[in-house]
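Input: a single structure, listed below in structure tokens.
The values are calculated or read from the model by the stated rules, or taken from the named source; none is laboratory data. Computed from a predicted model, the values in this text were never measured in an experiment. Every residue, glycine among them, receives a Cβ derived from its backbone with ideal geometry; neighbour counts consider all protein chains shown.
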């Protein structure tokens with residue numbers, strides 16, 4: 001007997017993912033400038049939503065304050081690049097561990113709040129970060145600051161080279177974040193996390209240290225979110241407390257994406273991001289009505305199809321794109337499926 | 001010295017408003033374990049309802065409460081029966097995400113209807129009336145009314161909880177929902193009554209908020225956070241605790257603002273986080289059992 005992850009659909013899925021990755025890596029050679037920008041933005045949302053999905057969908061930690069770490073990453077990028085002369089790419093890499101380090105005392109504090117009150121606690125933390133950022137006058141205080149042109153030019157000589165560099169950076173970071181999540185979910189901890197997702201109490205009684213695992217997930221999520229935040233503000237070239245710690249941009253959209261795509265499944269945030277961007281292109285002219293519609297769609301999906309659109313597909317056809325499920329392969333089933341025991 | 005006494009007094013009086021934000025939040029959490037992320041936006045919605053009522057009927061804001069309170073209570077009952085009851089269950093996620101979506105809907109709906117312009121309710125001469133309680137120490141009439149109303153609201157909720165049949169139904173459902181149902185309580189109705197009551201309190205808070213300061217569609221989430229902080233500071237499950245929590249928060253903000261205007265909100269958050277660190281059960285937790 002042995003445990004297998006892959007299914008027929010996941011073998012096809014992995015092949016599709018590989019082809020997509022090659023096509024996306026070559027995008028600078030086939031896509032226009034606007035295309036690259038849009039794709040890079042999509043990648044950052046896939047990364048943010050996947051991280052939130054890990055936090056809320058698997059570990060059951062519903063945070064409405066992840067903008068704390070997006071903004072923190074952004075401000076770390078600006079501080080390191082402008083005040084310490086660190087290369088922006090190195091600054092993105094540093095933003096991850098620093099965000100994780102700061103997440104430790106934050107987690108110790110807000111983990112005292114249970115369930116839904118935890119959610120608002122995360123929001124308070126984000127507000128504290130925003131108010132503190134607006135007190136830092138060397139980084140523009142409340143009105144914000146732009147990244148000096150000299151730092152941007154130092155990244156690459158031509159504008160095109162810079163745009164390619166940032167595109168590949170966004171792709172690489174997103175692949176890294178997804179790789180991190182997949183690796184985590186395929187590990188022992190992943191099995192425990194899936195158990196927590198399905199039933200926390202049962203998981204606990206099976207001997208899983210739920211609190212410790214949640215703590216690890218919170219810190220890992222902060223690590224990834226901080227790096228993505230730094231990248232987002234390298235793309236924007238301008239930061240202010242209100243944009244960096246925006247609950248709409250970095251939490252509301254991310255929650256809608258995950259809920260629509262399918263919470264608690266790795267494919268959900270990717271599907272959700274694609275739908276979200278299609279809706280955004282279609283409804284962009286509607287202004288605030290667009291957000292209103294997004295809110296209504298998210299509520300309808302939460303009530304009607306709580307596992308999201310991918311959840312419907314996965315349950316109907318038994319598909320999985322990435323090999324994450326665990327199936328026990330015995331001699332009998334091996335004969336039937338043709339797998340070697 | 002008198003300057004600081006005035007500052008602290010202002011903080012205590014605004015604490016009454018925060019206690020009203022908190023009482024509605026605490027009430028529904030107590031009865032059905034629901035944390036309403038749209039709580040702050042509903043406060044702002046009440047302010048806009050009051051704006052329409054005062055302009056439409058031509059009455060002053062305090063009298064408008066006679067209409068705004070029942071309107072908001074009706075909205076609360078309908079919201080619970082029509083939407084939120086379907087989200088309740090073992091899983092925490094649906095109520096959180098649905099009320100989060102509701103928050104976005106209310107904010108953007110108000111933005112669409114009323115634009116982002118700041119509004120204020122005009123209460124007339126009473127807004128600027130003050131009286132002197134001691135040499136150099138002044139109290140505004142309106143803040144004092146607000147504080148007295150807050151105490152009355154909390155005392156009223158306390159009475160309702162422990163002296164009436166509805167309160168008994170609330171406590172029974174809170175303790176054990178299936179058993180309460182077996183005893184013949186329609187929990188869907190009990191939950192809807194709790195939400196109606198919560199929104200009635202919200203209506204009072206919203207009107208006082210709108211008389212005191214400018215409001216616009218985006219200020220809801222900050223009110224939710226103030227209410228939440230007051231609940232946690234005071235101690236979960238305690239009605240009088242929310243009053244103390246509101247006062248602690250109000251005084252912290254007032255002192256912070258006096259030292260440096262940029263520190264007003266930060267001071268409140270820091271006191272909240274400090275209390276969470278050293279006394280996570282809050283100052284006056286409900287006695288167990």
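Structure values in brief
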read-out	value
Answer from B:19, B:47, B:38, B:23 - the residue that is on the phi < 0 side of the Ramachandran plot and within 14 Å of chain A (Cβ to nearest Cβ)	B:38
So residue B:140, is it more than 12 Å from chain A (Cβ to nearest Cβ) and on the phi > 0 side of the Ramachandran plot	no
Residues satisfying the stated conditions in the range B:149-173, i.e. within 21 Å of residue B:21 (Cα to Cα) and touching a residue at least 60 places away in the same chain (Cβ under 8 Å)	B:149, B:150, B:151, B:153, B:154, B:157, B:158, B:161, B:170
Output for the range A:231-285, where each listed residue is under 22 Å from residue B:107 (Cβ atoms) and outside any helix (DSSP H, G or I)	A:240, A:245, A:246
Top-ranked residue in the range A:272-287 [being over 13 Å from the mean Cα position of the chain (by Cα) and touching a residue at least 24 places away in the same chain (Cβ under 8 Å); ranked as nearest to the other protein chains (Cβ to nearest Cβ)]	A:276
Positions within the range B:268-287 being in contact with a helix residue (DSSP H, G or I) (Cβ under 7 Å, 6 or more places away or on another chain) and within 10 Å of another protein chain (Cβ to nearest Cβ), in sequence order	B:268, B:269, B:272, B:273, B:276, B:277
Output for the range A:224-239, where each listed residue is in contact with a helix residue (DSSP H, G or I) (Cβ under 7 Å, 6 or more places away or on another chain) and surrounded by fewer than 23 Cβ atoms within 10 Å (Cβ to Cβ)	A:235, A:237
Residue in the range A:158-177 that is assigned to a helix (DSSP H, G or I), over 20 Å from residue A:53 (Cβ atoms) and touching a strand residue (DSSP E or B) at 6+ places or on another chain (Cβ under 7 Å) present	no
Residue A:314 part of a helix (DSSP H, G or I), touching a residue at least 60 places away in the same chain (Cβ under 8 Å), more than 28 Å from residue B:111 (Cβ to Cβ) and away from every other protein chain (no Cβ under 14 Å)	no
Elements of type helices (runs of 4 or more DSSP H) contained in the range B:23-132, each with 3 or more residues being without any contact (Cβ under 8 Å) to a residue 24 or more places away in the chain and touching a helix residue (DSSP H, G or I) at 6+ places or on another chain (Cβ under 6 Å)	B:93-114
Matching residues, the range B:174-187, being part of a helix (DSSP H, G or I) and farther than 25 Å from residue B:43 by Cβ	B:175, B:177, B:178, B:179, B:180, B:181, B:182, B:187
Any hit, the range B:192-206, residues being more than 21 Å from residue B:149 (Cα to Cα) and out of contact with any strand residue (DSSP E or B) (no Cβ under 7 Å at 6 or more places or on another chain)	yes
Positions within the range A:316-329 being at pLDDT 70 or above, loosely packed, with under 12 Cβ neighbours inside 10 Å and on the phi < 0 side of the Ramachandran plot, in sequence order	A:316, A:317
Residue in the range B:120-127 that is modelled with pLDDT under 85, crowded, with 19+ Cβ neighbours inside 10 Å and closer than 27 Å to residue B:198 by Cα present	yes
Residue match in the range A:71-80 (condition: within 12 Å of chain B (Cβ to nearest Cβ) and part of a helix (DSSP H, G or I))	no
Filter result (without any contact (Cβ under 8 Å) to a residue 24 or more places away in the chain, part of a helix (DSSP H, G or I) and surrounded by fewer than 17 Cβ atoms within 10 Å (Cβ to Cβ)) within the range A:81-108	A:90, A:101, A:105, A:108
